[in-house]
Each structure stands twice: as C-alpha cells, then as structure tokens.
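**Student:** The structure follows.
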Amino acid sequence: MKVLVACEYSGRVRDAFRRHGHDAWSCDLLECEADSAWHYQGSVEKILDQGWDLMVAHPPCTHLAVSGSKHFPQKIADGRQQAALNFVRLLMNAPVDRWCIENPVSIISSAIRPPDQTIQPWEFGHEHQKTTCLWLKNLPRLKATKVVDRGEFVVTAGGNKLPAWYSIPPGPNRWKERSRTFQGIADAMGQQWGNRSLPVCMEQGLLFA
C-alpha cells in the first residue's frame with residue numbers, strides 16, 4: 001500500500017508501516033526526527049491527492065483538546081478553533097479510501113462526529129494513561145497488544161491529579177514530548193492495518209461538510 005502519515009515528524013507510525021513492506025511517507029511542517037528519506041516537509045494539503053491507499057493523520061490538537069477548554073472562548077472569537085476544525089474536515093474529506101484521524105479528547109467529537117474508538121497507551125505496553133480518540137474509515141478498531149499497569153499519577157500545585165507523562169516540565173520541547181505517538185500504538189497500527197486483509201472500501205464521497 002501507499003501510506004501517508006500526516007502531521008508526523010517522529011516517523012514512528014510511518015516506519016511501523018515500512019517495516020511491513022509498504023511505501024509509507026510522513027509529512028509535517030517540521031523536519032523528521034527519523035530517516036528523512038521518506039518524509040515530505042511541507043503542507044499536507046499539497047500531497048493529499050497523490051493516490052494514497054491509507055492515511056493516518058495526527059492533526060494539531062492545540063486549539064481542539066478539551067484539556068485547554070479554558071482558552072476556548074478566545075480561540076473561538078479569533079477563529080483559531082474554527083480553522084483547526086476546518087483542517088480536520090479537510091483530512092476527513094481527502095480522496096483516500098482508508099483513514100484514521102487521531103486526537104486526544106477534543107471538540108471534534110461534538111463539532112464533527114464522535115470517535116469510533118478510544119484507546120490508552122497501557123493497552124499497548126506503556127504504563128501511561130492518555131485517552132486517545134480514533135476516527136476510522138474502512139479500518140478495523142485496533143486491538144490491545146500488551147495490557148500493562150496504568151501508570152502513576154502526580155498531583156499538581158493546584159491540586160489536579162494528572163498522568164505522569166502530562167507533568168513534563170515546561171520547556172521549548174514540551175509539546176513535542178507530549179505529542180509523539182507511543183511506540184506500542186504505532187507498532188499496532190503497522191501490524192494490524194498493514195499486515196492483514198482490510199475491509200472492502202465504501203464508495204468515496206464528501207463525508208463531512
């Protein structure tokens with residue numbers, strides 16, 4: 001298959017598919033942290049129509065995730081949230097027969113449609129909690145590969161109880177550390193969607209206006 005992993009700079013999901021023999025490419029505005037030979041650095045809009053068989057997309061969650069809901073009024077007023085939702089709709093309407101859109105718990109669920117599945121890193125070998133939503137087209141739900149302990153929590157100065165991964169100290173790379181796909185989840189995508197027969201595709205058409 002020809003696989004596009006949109007909005008990925010780590011190369012983790014891309015390389016999981018490449019390990020199963022697929023022509024997989026990552027795309028992001030940032031340079032790739034892994035081998036850049038199969039990375040398109042630029043706007044994904046420019047390559048969406050290049051005959052992809054499958055797309056896994058990680059649209060930026062900065063203006064969508066409910067964890068930042070206290071900033072929603074400002075983001076609605078200045079148009080940032082609407083622009084972020086429009087980008088999600090662009091990905092969902094891409095001319096690709098099979099896709100997965102990945103995001104944390106966000107307003108995509110209410111503004112567009114609920115996710116088809118929610119997963120946790122602890123279902124894929126990582127002792128962490130991070131509710132991750134998957135919107136799927138012509139792809140089966142991911143099956144857990146290695147269920148482990150759910151990991152530790154930390155209590156912030158404000159009294160909030162948060163998963164340990166969330167408490168990474170502030171810094172210029174904090175967002176990058178918190179946005180990478182967990183390796184176990186990336187491996188499951190490559191194994192389960194790239195190493196077995198996939199369902200028959202629905203008729204292609206405009207899905208989300």
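The values are calculated or read from the model by the stated rules, or taken from the named source; none is laboratory data. Quantities reported herein were computed from a predicted structural model and do not represent experimental measurements. We place every Cβ from the backbone using ideal geometry, glycine too, and count neighbours over all the protein chains shown. Only protein heavy atoms, including side chains, enter the accessible area calculation; ligands, DNA and RNA are left aside. Shrake-Rupley method; radii C 1.70, N 1.55, O 1.52, S 1.80 Å.
**Student:** Cβ-Cβ under 7 Å, sequence separation 6+ or interchain: first residue in segment 88-99 and closer than 12 Å to D53 by Cβ, partner surrounded by fewer than 17 Cβ atoms within 10 Å (Cβ to Cβ) and hydrophobic (A, V, I, L, M, F, W, C). Which pairs?
**Tutor:** D97/C201; R98/L198; R98/C201
**Student:** Go through segment 35-81 and give me each residue that's at pLDDT below 95, over 20 Å from I185 (Cβ atoms) and surrounded by 18 or more Cβ atoms within 10 Å (Cβ to Cβ).
**Tutor:** Once the filter is applied, which keeps residues that are at pLDDT below 95, over 20 Å from I185 (Cβ atoms) and surrounded by 18 or more Cβ atoms within 10 Å (Cβ to Cβ), segment 35-81 yields H63, K75, Q81.
**Student:** Among the candidates S43, S109, which residue alone is touching a Cys at 6+ places or on another chain (Cβ under 8 Å) and of a type in the set (G, A, S)?
**Tutor:** S109
**Student:** Is it the case that some residue within segment 183-196 is assigned to a strand (DSSP E or B), modelled with pLDDT of 80 or more and not small (G, A, S)?
**Tutor:** Filtering segment 183-196 down to residues assigned to a strand (DSSP E or B) leaves none.
For segment 183-196, residues assigned to a strand (DSSP E or B), modelled with pLDDT of 80 or more and not small (G, A, S): absent.
**Student:** Moving on to the next point. Working only within segment 53-71, note down all residues that are in a helix (DSSP H, G or I) and in contact (Cβ under 8 Å) with a residue 24 or more places away in the chain.
**Tutor:** Step one: list which residues in segment 53-71 are in a helix (DSSP H, G or I), which gives 66-71.
Matches in segment 53-71: V66, S67.
**Student:** Every residue in segment 2-20 that is open to solvent by less than 70 Å² (accessible area, probe 1.4 Å) and either out of contact with any Cys (no Cβ under 9 Å at 6 or more places or on another chain) or not in a loop (DSSP other than H, G, I, E, B) (or both), please.
**Tutor:** Result: K2, V3, L4, V5, A6, V13, R14, D15, A16, F17, R18, H20.
**Student:** Still on this structure, I have one more. Which one is farthest from V3 (Cα to Cα), of the residues in segment 133-153 that are open to solvent by 80 Å² or more (accessible area, probe 1.4 Å) and assigned to a strand (DSSP E or B)?
**Tutor:** The extreme case among them is F153.
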